[in-house]
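Asker: One structure, as structure tokens, below. Some questions next.
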Amino acid sequence: MKKIFMYYRVYQNGTAVSPMSANDFKSNVIAARDGKPSSYHLPFGDSMFYEYPGLIVAMEMAKAGALSYINLLLKEGAKGLERLKQYRVDNYENLNIVLVESNIRKLETAMLLNKS
């Protein structure tokens, strides 16, 4: 039986946690800013992401990142209000259901029970 290793990706200012296979060895050659092919690059703008080895840690970090972004928008005052409203609408389920502390702990407990 082939063991599949997973890690979890969270995009900057995002709330979704995406599972990624560590066994996927596809080439990731992307054109650099100067147009020449490069296998080493930083993602542009909103495509910046962080990767975590565990689902619970990824969820906790997605929640922390979302709260940080919300606080940043709040500090902008009236200027950031429309973006804050849209962010809340776009991420409603993750912010109000998935990333709620009690639901993260329930999932963590369920995962621990399944391991034993």
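FYI, it's all coordinate maths here, none of it is from the lab. A quick note: this is a predicted structure, and the numbers were derived from the prediction, not measured. A quick note on method: Cβ atoms are made from the backbone with ideal geometry, for glycine too, and the neighbour counts reach across all protein chains shown.
Asker: Can you compute the FRET efficiency between Leu113 and Phe49 using 1/(1 + (r/R0)^6), with r the Cβ-Cβ distance and R0 = 30 Å? Round to the nearest 0.05.
Answerer: That pair, Leu113 with Phe49, gives E of 0.50.
Asker: Explain nothing, just compute: Karplus ³J(HN,Hα) = 6.51 cos²θ - 1.76 cosθ + 1.60, θ = phi - 60°, for every residue of segment 51-57 in order, whole Hz, x for Gly and Pro.
Answerer: Taking θ as phi minus 60°, the curve returns 10, 10, x, x, 5, 5, 4 Hz for segment 51-57.
Asker: At Ser102 and Glu82, where each label point lies 7 Å from the Cα along Cα→Cβ, what is the point-to-point distance in nanometres?
Answerer: 3.7
Asker: Additional query: Would you mind calculating the gained length between Gln12 and Leu72 on full extension (0.36 nm times residue separation, minus the Cα-Cα distance), in nm to one decimal?
Answerer: Stretched out fully, the Gln12 to Leu72 stretch lengthens by 20.3 nm.
Asker: Counting only other residues whose beta carbon sits under 14 Å from that of Leu74, what net charge do I get with K and R as +1, D and E as -1?
Answerer: Counting the neighbours of Leu74, the net charge comes to +3.
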